[in-house]
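Structure record follows, encoded as structure tokens.
The values are calculated or read from the model by the stated rules, or taken from the named source; none is laboratory data. Keep in mind that what you see is a predicted model, and the values were worked out from it rather than measured. Here the Cβ is made from the backbone with ideal geometry for all residues, glycine too, and neighbour counts use every protein chain on show.
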Amino acid sequence: MPEPELKFEVLPLSLVGMPGSGKSSIGREVAKRLGRPFVDCDKVVEQRAGCTIARLFERDGETAFRDLEAEVLVTLLEDRSSVVATGGGAVLRAINRELLRTRSQCVFLNASPAFLWQRLRRDRRRPLLQVAEPEERLRELFVERELLYRETASVVIDAESAPFDRLVATILGHVGSGVQAP
């Protein structure tokens, strides 16, 4: 009697974390090393909106941005071979967390607010940080989101404790080829 054939499912890899945690740069390199396509969710949102995220926030508000982000995320995770860098706030919606948790291998790139501030202090593209006290706002966002990232991801990586290449290698070691057991 022949043995039953096992079927394995390839899942996309998704990266979640605060702005400045390295989702795009690390994701791009992980995708390259895996031979998979890389997609930045924020870039696709901008393409669909026909404007920058900052302009979309200004023109239509955060809710419209989050609606479009959720639509884009569903589409991006349909490509089973992709590596997806999400926007920092993608985990704010329960439906996105569930999607990331169940339809991708999700990695949380964790970094402290102090580390993130050093990276972002001169960045003028991020609408949620264009406030009177951006460093304090970054800390508030971290407190609001950290548990949501942890709830969503199956792997947590300390994004500030190792050089870039070691972070990439650590992620590759955790996710391998992206094949999940049946």
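Considering (1) free of Cβ contacts under 8 Å to residues at least 60 places away in the same chain; (2) outside any helix (DSSP H, G or I), say which one residue 19 fails and leave the rest.
(1)
Considering region 22-60 alone, what residues qualify as being of a type in the set (A, V, I, L, M, F, W, C) and assigned to a helix (DSSP H, G or I)?
Once the filter is applied, which keeps residues that are of a type in the set (A, V, I, L, M, F, W, C) and assigned to a helix (DSSP H, G or I), region 22-60 yields 26, 30, 31, 34, 41, 44, 45, 49, 53, 54, 56, 57.
Go through region 15-70 and give me each residue that's within 19 Å of residue 174 (Cα to Cα) and touching an Asp or Glu at 6+ places or on another chain (Cβ under 6 Å).
Across region 15-70, the qualifying residue is only 24.
Step by step: first the residues of region 91-116, then only those that are of a type in the set (Ser, Thr, Tyr) and surrounded by fewer than 20 Cβ atoms within 10 Å (Cβ to Cβ), then the one that is farthest from residue 19 (Cα to Cα). Which residue is that?
Ranking the qualifying residues of region 91-116, first place goes to 102.
Looking only at region 130-167, filter to residues that are among the polar types (S, T, N, Q) and under 28 Å from residue 99 (Cα atoms); which one of those is surrounded by the most Cβ atoms within 10 Å (Cβ to Cβ)? Step through it out loud before you land on a result.
From region 130-167, those among the polar types (S, T, N, Q) are 130, 152, 154, 161; that's our starting set.
Adding the requirement that they be under 28 Å from residue 99 (Cα atoms) leaves 152, 154.
Values: 152: 24, 154: 13.
Per the stated criteria, the residue is 152.
Just to be sure I understand, how many residues within region 116-130 are at pLDDT below 70 and more than 17 Å from residue 24 (Cα to Cα)?
5
Could you count how many residues in region 71-90 are farther than 18 Å from residue 25 by Cβ, modelled with pLDDT of 95 or more and either among the polar types (S, T, N, Q) or surrounded by fewer than 17 Cβ atoms within 10 Å (Cβ to Cβ) (or both)?
3
Identify the residue in region 2-31 that is touching a strand residue (DSSP E or B) at 6+ places or on another chain (Cβ under 6 Å) and on the phi > 0 side of the Ramachandran plot and, among all such residues, is modelled with the lowest pLDDT.
Per the stated criteria, the residue is 22.
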